[in-house]
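The values are calculated or read from the model by the stated rules, or taken from the named source; none is laboratory data. These numbers were taken from a predicted model, which means no experiment stands behind them. To get the accessible areas, we keep the full protein, side chains included, count just its heavy atoms, and leave off ligands, DNA and RNA. Shrake-Rupley method; radii C 1.70, N 1.55, O 1.52, S 1.80 Å.
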Amino acid sequence: MEKLNGQAEAFCRKYLQCMDPDQAAAMAGCADGYAVLETKMVRRRLERMREAAAGQVHREDVVRRLAQLAFGRVNDAARLALHSEEADLETLDLSAVAELKVTDKGGVEVKLIDRIRALEALYGLLSEEKAEGAGELYRVLTEAAGEEGGWDDG
């Protein structure tokens, strides 16, 4: 099995995080992300990394994440939209944000994820196995409610 150099390996890790060849190349110190992405060794490595990651995601993880999206707070997104000049992006939870846009006047326009779609997806998962799913949803939601801040809109 051929081994990638450190730069190509870093490119693969960064590419799977952002799915943007140019951005991944810049973060990994490569010149041309599209050229790196076209190499057979990198494509094989990405496939192996995807397979390994897919094996690590479980149904419970998906249910928990959908519940967070459907019921999560949007306070940090509102803070960014209202006070963008003061916002520290590293400390904000922007998981409910689907899109950010800087307006012509310098403000920030924030588009949130579609909570109805998240609820529909969550419902679809739970409908597959009603008895097990309902108990799992209840457990996930009670865990989410017990976390710092819970999932109320306050």
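Remark: accessible surface ordering of HIS83, HIS58 (largest first) is HIS58, HIS83, probe radius 1.4 Å.
Treating each Cα of the range 65-119 as one equal point scatterer and applying the Debye formula with no solvent, the log10 of I(q)/I(0) at q = 0.22, 0.23, 0.32 Å⁻¹ comes out as -0.81, -0.86, -1.31. A probe of 1.4 angstrom, applied to the heavy atoms of all protein chains, finds THR103 with accessible area near 50 square angstrom.
Amide H contacts of LEU112 (H built 1.01 Å from N, in plane; Pro and chain starts excluded): ALA98 sit under 5 Å, all sequence-distant by 5 or more or on other chains. Normalising the average separation of contacting C-alpha pairs (under 8 angstrom, six or more residues apart) by the number of residues puts the relative contact order of the range 1-83 at 20 percent.
Across the range 35-89, Cα-Cα distances exceeding 19 Å account for 62% of all pairs.
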